[in-house]
Amino acid sequence: MLSYSFYLYASCGGVPKPLCYTEPMNKYINAQIRSFLEEEDMIAALANISACINENYDRLNWAGFYLVKNGELVLGPFQGKTACSHIPFDKGVCGKCYRDKASQRIDDVEAFPGHIACDSASRSELCVPVIVNGECIAEIDLDSPFKNRFTEDEQKEMEEAAKDIADAFLHHGWTLQ
Ligand code: SME
């Protein structure tokens with residue numbers, strides 16, 4: 001695997017990152033996310049991944065995680081405004097993602113029955129389950145203040161990230177309690 005630091009160095013022609021902002025980073029987002037998953041502490045890793053997504057995807061008003069704990073979804077590391085701390089499995093886009101164990105790419109959240117508006121500015125949402133041993137253990141959740149913000153390619157990128165997070169969860173022996 002090409003490491004993120006090598007990518008930063010090489011893509012900047014040998015100039016350290018702070019001096020080089022010319023390369024679009026988006027296409028390397030999964031490589032960056034994998035590099036953050038080398039971190040052994042789960043919260044530290046997920047915190048940097050939420051920041052990484054927020055930096056690389058434009059037009060977001062929220063990017064972060066919900067973790068499955070004690071029979072509900074509990075707020076995890078995120079970037080953005082304050083958000084709902086607890087979401088029941090039968091509520092919202094996040095609840096549907098959990099129940100279906102399937103990504104929810106919602107072009108217009110106002111047309112989604114039961115959408116939970118943590119931020120009234122939100123207009124579209126992408127929620128992707130992290131599946132470990134057949135169980136949804138967490139979700140990546142992204143919100144945008146623009147309708148139709150999320151593309152099929154971005155859904156695939158976040159699904160690849162979710163798979164990498166699931167692999168790291170097992171590799172590091174992370175737990176959710
Ligand atoms: N909109 C989500 C709630 C979480 S916030 O977007 C951060 C939902 O409907 O489940």
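The values are calculated or read from the model by the stated rules, or taken from the named source; none is laboratory data. Please read these numbers as outputs of a predicted model, since none were measured by experiment. Every residue, glycine among them, receives a Cβ derived from its backbone with ideal geometry; neighbour counts consider all protein chains shown.
Considering Ala166, Ala138, Ala111, Ala161, which residue is closer than 24 Å to Ala45 by Cβ, within 16 Å of the ligand (Cβ to nearest atom) and at pLDDT 95 or above?
Ala138
Just need a number here: residues in segment 114-129 that are among the aliphatic types (A, V, I, L, M) and more than 7 Å from the ligand (Cβ to nearest atom).
The number of residues fulfilling the criteria is 3.
In segment 61-72, which residues are of a type outside the set (Phe, Trp, Tyr), in contact with a Leu (Cβ under 6 Å, 6 or more places away or on another chain) and closer than 11 Å to Asp141 by Cα?
Residues satisfying the conditions are Ala63, Leu67.
Within segment 141-150, can you find the residues that are away from the ligand (no atom under 11 Å from the Cβ) and within 17 Å of the chain's Cα centre (by Cα)?
Once the filter is applied, which keeps residues that are away from the ligand (no atom under 11 Å from the Cβ) and within 17 Å of the chain's Cα centre (by Cα), segment 141-150 yields Pro145, Arg149, Phe150.
Just checking, how many residues over segment 56-71 are more than 12 Å from the ligand (Cβ to nearest atom) and either assigned to a strand (DSSP E or B) or out of contact with any Ser or Thr (no Cβ under 6 Å at 6 or more places or on another chain) (or both)?
Total meeting the criteria: 8.
For segment 26-63, which positions are among the hydroxyl-bearing types (Ser, Thr, Tyr) and more than 24 Å from Gly173 (Cβ to Cβ)?
Tyr28, Tyr57
Filter segment 82-98 down to the residues that are within 9 Å of the ligand (Cβ to nearest atom) and either within 13 Å of Val128 (Cα to Cα) or modelled with pLDDT under 95 (or both) and list them by number.
Val93, Cys94, Gly95, Lys96, Cys97 - these are the residues of segment 82-98 that are within 9 Å of the ligand (Cβ to nearest atom) and either within 13 Å of Val128 (Cα to Cα) or modelled with pLDDT under 95 (or both).
List the strands (runs of 3 or more DSSP E) inside segment 81-177, counting only whole elements, that have at least 2 residues being touching a residue at least 24 places away in the same chain (Cβ under 8 Å) and in contact with a Pro (Cβ under 9 Å, 6 or more places away or on another chain).
Fully inside segment 81-177 and qualifying: 135-144.
Specify which of the listed residues (Leu126, Leu170) is more than 15 Å from the chain's Cα centre (by Cα) and within 21 Å of Leu73 (Cα to Cα).
Just a single option satisfies the conditions, and that option is Leu170.
With the structure loaded, tell me whether Phe78 is surrounded by fewer than 18 Cβ atoms within 10 Å (Cβ to Cβ) and aromatic (Phe, Trp, Tyr) or whether it fails that test.
Answer is no for this residue.
Looking at Ile53, Ile106, Ile49, which one is within 11 Å of the ligand (Cβ to nearest atom), closer than 17 Å to Pro129 by Cα and crowded, with 18+ Cβ neighbours inside 10 Å?
Ile106
Against the definition (under 17 Å from the mean Cα position of the chain (by Cα) and of a type in the set (S, T, N, Q)), how does Ser120 come out, yes or no?
It is false that Ser120 is under 17 Å from the mean Cα position of the chain (by Cα) and of a type in the set (S, T, N, Q).
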